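Reviewing the structure listed below.
The values are calculated or read from the model by the stated rules, or taken from the named source; none is laboratory data. Computed from a predicted model, the values in this text were never measured in an experiment. Because the Cβ atoms are built from the backbone with ideal geometry, glycine has one as well, and the counts that use them run over all protein chains shown.
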Amino acid sequence: MTTLDKVVGGAPVRIEGRDKVTGTARYAYEYPVPDAVYVWPVQSTIVRGRVRSVDGAAALALPGVIAVLDSGNVPRLRPVQDAELAVLQSANVAYRGQIVAAVVANTLEGACEAASAVRVDYEEEEYDVVLDPGSPRITSPEKVNAGFTGTVDWGDAEGALAAAPVVVDAAYTTPTEHASPMEPHATVAFWEGETLTIYNADQAPWMSATAIAQLFGLPESAVSVVADHVGGGFGSKAATRPPTVLAALAARAVRRPVKVALTRQQMFALVSYRTPTVQRVRLGAERDGRLTAVWHDALQQSSKLVEYTEQTVSPSRMMYATPNSHTAHRLLRLDVPSPSWMRAPGEAPGMFALESAMDELAYALGMDPVQLRIANEPSADPESGLPFSSRNLVACLREGAARFGWAGRDPTPGVREDGRWLVGTGVASSTYPVYTRASTAAAYAEPTGRFVVEIAAVDIGTGARTALTQVAADELGVPMDRVTVRVGRSAFGPAALAGGSMGTASWSWAVSKACRALVKDLDERSGLVPPEGLGAWADTAEDLAEWKRFSRHSFGAQFAEVRVDRDSGQVRVERLLGIFAAGRIINSRTARSQFLGGMTMGISMALHEALELDPRFGDFVNHDLAGYHIAANADVRGIEADWIDEQDDELNPVGAKGIGEVGIVGTAAAIANAVFHATGFRQRDLPITLERVR
Ligand code: MOS
């Protein structure tokens, strides 16, 4: 290909790694801002109704308390589409935990204490927080998240199911899950006249600046969002959330810089979560394994404030060839906090159901589950008919099967014993779409021979800063240490978010384009020292407008070996192997971490994570990391991720797909299928906790 072969594809360590481990990398809350004061939100203790009055007298009498804010005394915001962002704009309460007031004080501890002294008087109304499949209020949205169509039909799925010699019909559920990134949501905000600066825990600095500007009726250039280092997000920081708005509002109200740092408990209501799902999958097949019908329905919840429908059945439209298909999303809006994106929204819960059903079908057919998937490999996208830009699912399955030692597997469930342990293996496919958004970047040559690249990208722990430096260095034809890539500032211009697995692919396109333009300019100057500030700027909007139509997805195959304690029901994932096909891998070190991180979150989804909402209080009862268990070191035993070489010329100049999300897709099904193989009991409800294992 191009010059890109030198550094891209290598394994350089993270540029900011040393800063992070020595504590000098600065996260949002740590920005020293002179005269900053602290904001503590007061959250609703009722589920639905109105705030009759907020009595801040006792709070204001405490030392160092500057203000008690409520819907009666904060600046007015412009209405925007995301009604969660109308913080303190009305007295209505839409869910338990919503922000109904806030205290501003000289210290964080003082604000916390004063918040508990604020008296809120409510007028309570009846509420509904239960995702009841029998509810008459269930709707079928036309459009769902990421632009997918709500219901899609082709052929005659019902007719094909009635005629199929082999049928699987099964119901699956997945629970409410919470992203819970390591760094809690935090914001520092200050106004200088009509300009606002925000240091934010943020996956999308440019988009946040745009959203905040809209809320305050300001030009985009008046709001600057800075996110130099971010400690994970998993979707919870991929859109502006209420705490960021609260910070900007409070800073405006008290005319002082403010800091907002959510506690772990506060995060559970205020920064989104993954919807629970109630799914049904029906598969019809010929005796040779070829699918004749795929039928997949998912019921999910959203809040009364926001209509968010997760695209859960979308992967069932493109995974396997079928002449007949029915896939539908249904939604029930409840008096609950708003769900939103969490790592692989849609694909993660949807592929648990589909890939479990494929395993059930393999048993119904007496066919090997790897062979069943290979037998249903489509030659083009089954829904759109578009060719795949590249599709190497079969290669992943074959490579994974060989490396895992799948050959010769006895499919009989519940027969392998090792002392008190039952042993089993399972497989599932992974997939994630290739999203790409227009981005802009600038590249500058310095007279010293160094280069600077600026892009409103953000490194949320993925290694994006390092990957973009590799791309820039290769395009400029210099070693990495001569290039500084500056990210994390909305002021660098429009850019994709660090989400939807689109960040590095979208940004690297703009970086590559800007660097090429700069090299061309330098070549024309034939070696003369560049003048101060010589630069080139690029925007990929026009490239994307001309992007040829293809079905673009990454794929993978995951193999799990589990041990199940026949007495306690404990499940241990002894071995997990993921083989992926995701285009060009820019940095093998950070990419492997991304895959392993996704797979680890998949173990967590399979065995641990579930947020329980108590209908009596309309509240998540296990809203901390003691009650909401996330896989820890001891839960992760043998785990390995690798990939096959995949060249795809229909992506972007670097040839990269996304790798942030595909790793969590399919993991839970591979583990559930292995638990079936070990015990003979099917696991159709996540997480697979002790009481569910027989
Ligand atoms: Mo990811 S859920 O798109 O940040």
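Determine if segment 307-316 includes at least one residue that is crowded, with 24+ Cβ neighbours inside 10 Å, within 15 Å of the ligand (Cβ to nearest atom), farther than 16 Å from GLY666 by Cβ and aromatic (Phe, Trp, Tyr). So far as segment 307-316 goes, no, none of its residues is crowded, with 24+ Cβ neighbours inside 10 Å, within 15 Å of the ligand (Cβ to nearest atom), farther than 16 Å from GLY666 by Cβ and aromatic (Phe, Trp, Tyr). Identify the single condition in (1) surrounded by 23 or more Cβ atoms within 10 Å (Cβ to Cβ); (2) part of a loop (DSSP other than H, G, I, E, B); (3) out of contact with any helix residue (DSSP H, G or I) (no Cβ under 6 Å at 6 or more places or on another chain) that SER526 does not satisfy, given that it satisfies every other one. So SER526 meets the others, but not (1). Collect the residues in segment 278-297 that are touching a strand residue (DSSP E or B) at 6+ places or on another chain (Cβ under 9 Å) and either surrounded by fewer than 24 Cβ atoms within 10 Å (Cβ to Cβ) or within 19 Å of ASP335 (Cβ to Cβ) (or both), keeping them in residue-number order. Scanning segment 278-297 gives VAL278, ARG280, ARG282, GLU286, ARG287, GLY289, THR292, ASP297. Considering segment 317-334, and only residues there that are buried (at least 23 other Cβ atoms within 10 Å of the Cβ) and outside any strand (DSSP E or B), the residue that is farthest from the ligand (Cβ to nearest atom) turns out to be THR322. Kindly establish whether GLY64 is touching a strand residue (DSSP E or B) at 6+ places or on another chain (Cβ under 6 Å) and buried (at least 16 other Cβ atoms within 10 Å of the Cβ). Spelling it out, it is not the case that GLY64 is touching a strand residue (DSSP E or B) at 6+ places or on another chain (Cβ under 6 Å) and buried (at least 16 other Cβ atoms within 10 Å of the Cβ). Identify, from the list VAL245, VAL258, the residue that is of a type outside the set (D, E, K, R), more than 23 Å from the chain's Cα centre (by Cα) and buried (at least 21 other Cβ atoms within 10 Å of the Cβ). Residue meeting the stated conditions: VAL258.
Remark: pairs (first residue in segment 532-559, modelled with pLDDT of 95 or more and surrounded by 16 or more Cβ atoms within 10 Å (Cβ to Cβ); second residue among the acidic types (Asp, Glu) and in a helix (DSSP H, G or I); Cβ separation under 8 Å; 6+ apart in sequence or on different chains) = ALA536/ASP521; ALA557/GLU399.
In segment 193-204 there is at least one residue that is touching a residue at least 24 places away in the same chain (Cβ under 8 Å), within 16 Å of the ligand (Cβ to nearest atom) and not in a loop (DSSP other than H, G, I, E, B). Taking segment 335-351 as the range and being within 16 Å of the ligand (Cβ to nearest atom) and among the hydrophobic types (A, V, I, L, M, F, W, C) as the test, the residues that pass are TRP341, MET342, ALA344, ALA348, MET351.
Hey, does segment 118-140 have a residue that's hydrophobic (A, V, I, L, M, F, W, C), assigned by TED's automatic domain parsing to the domain that holds MET342, more than 30 Å from the chain's Cα centre (by Cα) and not in a strand (DSSP E or B)? Checking segment 118-140: not a single residue is hydrophobic (A, V, I, L, M, F, W, C), assigned by TED's automatic domain parsing to the domain that holds MET342, more than 30 Å from the chain's Cα centre (by Cα) and not in a strand (DSSP E or B). Suppose we filter segment 576-599 for residues that are crowded, with 24+ Cβ neighbours inside 10 Å and free of Cβ contacts under 8 Å to residues at least 60 places away in the same chain; how many remain? Qualifying residue count for the region: 0.
Taken over segment 143-184, the criterion of being more than 16 Å from the ligand (Cβ to nearest atom), touching a Phe, Trp or Tyr at 6+ places or on another chain (Cβ under 7 Å) and hydrophobic (A, V, I, L, M, F, W, C) is satisfied by ALA157, LEU161. Checked against (1) out of contact with any strand residue (DSSP E or B) (no Cβ under 6 Å at 6 or more places or on another chain); (2) under 23 Å from ARG552 (Cα atoms); (3) within 16 Å of the ligand (Cβ to nearest atom), SER501 passes all but condition (1).
The selection criterion, being out of contact with any Cys (no Cβ under 9 Å at 6 or more places or on another chain), outside any loop (DSSP other than H, G, I, E, B) and hydrophobic (A, V, I, L, M, F, W, C), does not hold for VAL80. From the list ALA641, ALA674, the one residue that fits, being away from the ligand (no atom under 16 Å from the Cβ), touching a residue at least 60 places away in the same chain (Cβ under 8 Å) and either part of a helix (DSSP H, G or I) or of a type in the set (Lys, Arg) (or both), is ALA674.
One residue stands out in segment 644-671 among those that are more than 19 Å from the chain's Cα centre (by Cα) and either of a type in the set (A, V, I, L, M, F, W, C) or within 16 Å of the ligand (Cβ to nearest atom) (or both): the one that is surrounded by the most Cβ atoms within 10 Å (Cβ to Cβ), namely ALA670.
Of the residues making up segment 224-275, those that are touching a helix residue (DSSP H, G or I) at 6+ places or on another chain (Cβ under 9 Å), closer than 26 Å to GLY110 by Cα, away from the ligand (no atom under 16 Å from the Cβ) and of a type in the set (Val, Ile, Thr) are VAL245, VAL258, VAL260, THR263. Where residues in segment 223-242 are of a type in the set (Val, Ile, Thr) and in contact with an Asp or Glu (Cβ under 8 Å, 6 or more places away or on another chain), which of them is surrounded by the most Cβ atoms within 10 Å (Cβ to Cβ)? Here the answer is VAL225.
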